[in-house]
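Single-structure report; data block below.
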Amino acid sequence: MRVPGGADIATGGVLLAVENVSLAFGGVKAVTDVSFDIRKGEIRAIIGPNGAGKTSMLNIINGFYQPQHGRITFKGETRSKMRPHDAAKGGIARTFQNVALFRGMTSLDNIMAGRTLRMNKNLFWQLLRFGPAMNEEVEHRRRVEEIIDFLKIQEIRRTPVGRLPYGLQKRVELGRALAMEPELLLLDEPMAGMNLEEKEDMSRFILDVNDHFGTTVVLIEHDMGVVMDLSDRVVVLDHGVKIADGTPDEVKRTQAVIDAYLGVAH
Amino acid sequence: MDLAYKILIDPFMQMGAAPDLLVQTLWEGLVAGVLYSLIALGFVLIFKASGVFNFAQGIMVVFAALTLVGLHELGIPAFVALFLTIVVMFGLAFLVERLMLRPLVNQPDIILFMATFGLTYFLIGFGELVFGGNPKKMIASELYLPSGAYDIKMFGGFVSLQKIDIAAAVIVSLMVLFLALFFQKTRIGRALRAVADSHKAALSVGISLEQIWVVVWFAAGIVALVTGIMWGARSEVSFSLQIIALKALPVLILGGFTSIPGAIVGGLIIGVGEKLGEFYWGPLLGSGIESWLAYVIALVFLLFRPQGLFGEKIIERI
């Protein structure tokens, strides 16, 4: 198990709190009355069997879905309705279960797209590519190159992402999220479909992001070994209901979790 | 045998016998092609960013031109009227986003396509209400667009180049250059391409779909205005002008729905093909050839490149 680092966790500053959130699509209940919190600087895992509502939960946090009930408090501010645009502005970045990249663009442009909200010189200067906009573009480019170095993807900088193997696409997607310099990073199965070596690399990146930049991470993952190694605390969902919440060791011993994963004799 | 001679050999003999006529025909084809490209460009912009085939592009051309001429008739100086028309086109883009696209977000493309039909008939009705149904004359000279022609001696004959056509070619080239730079080099351009690729990923990095839609519809509106001015200067401004939108369809099939260079090259090929066919093969087949030849050219291309000349080849991982 990972030793919880950083003073923020000890002081327990809550970055985001989900309270009694429910979401249904017609008659299908995706999430039912779920509450949990995410503390500043921690790595928080959401686990559960297929169809447990993990991705729905992530979509609620970054504003893709609006829950029918419940409240979400982010950085001390409670909002009943948050749109994806607002979430991104507030410092929430994410990656997707089935990689959602801008396929026609190069790795570099994809990661640059992550800087969108940080660029604010007006259109007039942008068109001239001159004056303030030029300086701005250069500055952002420098930050993006740092991210590219960090993720060790220098040699695929100019490659259209559609041509990259899956593992590298996932890495570029992480790069795009990091380019937003988020406070909260949502990762939806960042290691799905990877081999052992790629998984180790990705784990290293996630830990480094958390350690060096103090970014709070929410992680959905199926590989229990990875979850136990990386996360500070774990939420377990099953059929849209929270069945456990705690450190990896606590969660591992919970009977409901064992039942959910292994099945119960009826 | 005689027919084969007439189709396969005679036209080329004619071309060789009177090269000045050939050059004239080619030039006229290119000019028509430039205007087809312009219309196609309006479609491509909106299709790229939102995946919607905007049926209303043709009527937007008429609407923009009518607004310009109508404002001028009220006694407003030509360039002020031009500026006000640009403002009106921005207003239109804004309202389209707010009243049409936003409520229909996440609906299937066919629904949005049908909505653009609705927009078309709204603009026809609204335009007639405000500006009346009579054809109007484009204020070409007030906008300092040149008239007259250069006659160039060539191959023992004359080739006549209309100045307005040259102006159209120059203006269109500048506009395409501007759009290309805008798409490739600016933050908003990058955001536009991002939206075209993946809505959810674009949303997740904080790109506002609403803003992007207003920008593309405004850009398409500007393209429509330029089309209206150029086309209007060659004939007149009336509602029948909207059928030129139908000319854009073969251009789009040829060039690919998502490619700006495709729209340009496609337009030129269709324009030149049409004029050559009309002039050299037209007499054989009777008149009216120009109304269907473009589609035949597009069909032939479709057989070999279903994605269009520059369209993205769709490859899916399985």
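The values are calculated or read from the model by the stated rules, or taken from the named source; none is laboratory data. All of these numbers come straight from a predicted model, not from anything done at the bench. Cβ: placed from backbone, ideal geometry, glycine included. Neighbour counts: every protein chain shown.
Quick rundown of the values:
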quantity: So residue B:129, is it assigned to a helix (DSSP H, G or I) and in contact with a helix residue (DSSP H, G or I) (Cβ under 8 Å, 6 or more places away or on another chain); calculated: no
quantity: Positions within the range B:221-269 being charged (D, E, K, R) and in contact with a helix residue (DSSP H, G or I) (Cβ under 6 Å, 6 or more places away or on another chain), in sequence order; calculated: B:247
quantity: Helices (runs of 4 or more DSSP H) contained entirely in the range B:151-253, each with at least 1 residues that are more than 14 Å from chain A (Cβ to nearest Cβ), under 15 Å from the mean Cα position of the chain (by Cα) and closer than 29 Å to residue B:108 by Cα; calculated: B:209-234
quantity: Residues that are more than 11 Å from the chain's Cα centre (by Cα) and within 18 Å of residue B:203 (Cα to Cα), drawn from the range A:42-66; calculated: A:56, A:57, A:60, A:63, A:64, A:65, A:66
quantity: Elements of type helices (runs of 4 or more DSSP H) contained in the range B:1-76, each with 2 or more residues being surrounded by fewer than 17 Cβ atoms within 10 Å (Cβ to Cβ); calculated: B:10-17, B:19-50
quantity: Subset of the range B:104-126 [exposed (fewer than 11 other Cβ atoms within 10 Å of the Cβ) and either within 22 Å of the chain's Cα centre (by Cα) or in a helix (DSSP H, G or I) (or both)]; calculated: B:110, B:125
quantity: Scope the range B:277-317; condition closer than 28 Å to residue B:22 by Cα, at pLDDT 75 or above and assigned to a loop (DSSP other than H, G, I, E, B); matching residues; calculated: B:292
quantity: Residue in the range A:28-40 that is buried (at least 17 other Cβ atoms within 10 Å of the Cβ), part of a strand (DSSP E or B) and of a type in the set (S, T, N, Q) present; calculated: yes
quantity: Strands (runs of 3 or more DSSP E) completely within the range A:53-124 that count 2 or more residues being surrounded by 15 or more Cβ atoms within 10 Å (Cβ to Cβ) and more than 8 Å from chain B (Cβ to nearest Cβ); calculated: A:69-74
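Every residue, every condition in (1) surrounded by fewer than 20 Cβ atoms within 10 Å (Cβ to Cβ); (2) small (Gly, Ala, Ser); (3) not assigned by TED's automatic domain parsing to the domain that holds residue A:57, yes or no:
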site	(1), (2), (3)
A:211	yes, no, no
A:220	no, no, no
A:230	no, no, no
A:233	no, no, no
A:236	no, no, no
A:242	no, no, no
A:250	yes, no, no
A:263	yes, yes, no
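Residue-wise test of (1) closer than 22 Å to residue A:258 by Cβ; (2) of a type in the set (Gly, Ala, Ser); (3) assigned by TED's automatic domain parsing to the domain that holds residue A:248; (4) without any contact (Cβ under 8 Å) to a residue 12 or more places away in the chain.
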position: A:39; (1), (2), (3), (4): no, no, yes, no
position: A:45; (1), (2), (3), (4): yes, yes, yes, no
position: A:50; (1), (2), (3), (4): yes, no, yes, yes
position: A:53; (1), (2), (3), (4): yes, yes, yes, no
position: A:57; (1), (2), (3), (4): yes, no, yes, no
position: A:62; (1), (2), (3), (4): no, no, yes, no
position: A:72; (1), (2), (3), (4): no, no, yes, no
position: A:76; (1), (2), (3), (4): no, yes, yes, yes
